[in-house]
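Notes to accompany the following structure.
The values are calculated or read from the model by the stated rules, or taken from the named source; none is laboratory data. This is a predicted model, so every value here is computed, not measured. Quick reminder, even Gly has a Cβ in these numbers, built from the backbone with ideal geometry, and neighbours come from all protein chains shown. Quick note on the areas: whole protein, heavy atoms, side chains included, nothing else; ligands and nucleic acids left out. Shrake-Rupley method; radii C 1.70, N 1.55, O 1.52, S 1.80 Å.
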Amino acid sequence: MFSLRDRNDLLGELLNKLKSNHEYPVSIFLSLGIRKVLRELKILDIDACILLPSYSKNRISNSDLRPFSPSRRLYEETERILKIPLIDPLMKTSAERQAGKSFSERFFHAYSAWDIDPNWADRCPSKILLLDDVFTTGASVNEASRILKKNGTKSVYVLTYLRVTD
């Protein structure tokens, strides 16, 4: 698990501003240090990268509500430095979001929030880098990792902008 920085109120507000207002300069600020982290990850010989899905593909997402994907910005740097493909083996099966749920509710919800795309069943790459914007409780990445490992992945590495430490 790698994060660029610990979350505080200011950084949390900046990340939300980035998601809702397409504040590209904020993404540059939040990405400070990413090149160093990615260069350190080169030795792991990662096979592919995944953006943790936040929306069900059945749900029509409103780009006015979230015009910018912080995780996609993380991938731009990842692809440039690690030169690994972006794959999409996970499907979000729940329209509910993790935000606003208690610690235990996040784990119960995560257990049924994702599934493997049938095209990827038993065919996931050995080493995967999972990108997400914030690591709060670990419920989402834990469940995503469980599904990926059940389908062939040996190692899952996680990279986020922010990590909640309290």
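Numbers below:
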{"read-out": "Relative contact order computed over the stretch 108-166 (Cα-Cα under 8 Å; 6+ residues apart), in percent", "value": "46"}
{"read-out": "FRET E, pair Lys150, Arg80, Förster distance 41 Å, beta-carbon r, rounded to 0.05", "value": "0.85"}
{"read-out": "Ellipticity estimate at 222 nm from DSSP helix runs (n ≥ 4, -39,500 (n - 2.57)) divided over the chain, nearest 500", "value": "-11000 deg cm²/dmol"}
{"read-out": "Highest to lowest packing among 124-136, 141-153, 106-118, scored as the average C-beta count within 10 Å", "value": "124-136, 141-153, 106-118"}
{"read-out": "The stretch 70-109: GluC sites (Glu not before Pro) in DSSP coil with no more than 12 other Cβ atoms inside 10 Å", "value": "none"}
{"read-out": "Net length gained if the chain between Ser94 and Arg123 were fully extended (0.36 nm per residue, minus Cα distance)", "value": "8.1 nm"}
{"read-out": "The chain, accessible area per residue, ligands and nucleic acids excluded (1.4 Å, Å²)", "value": "55"}
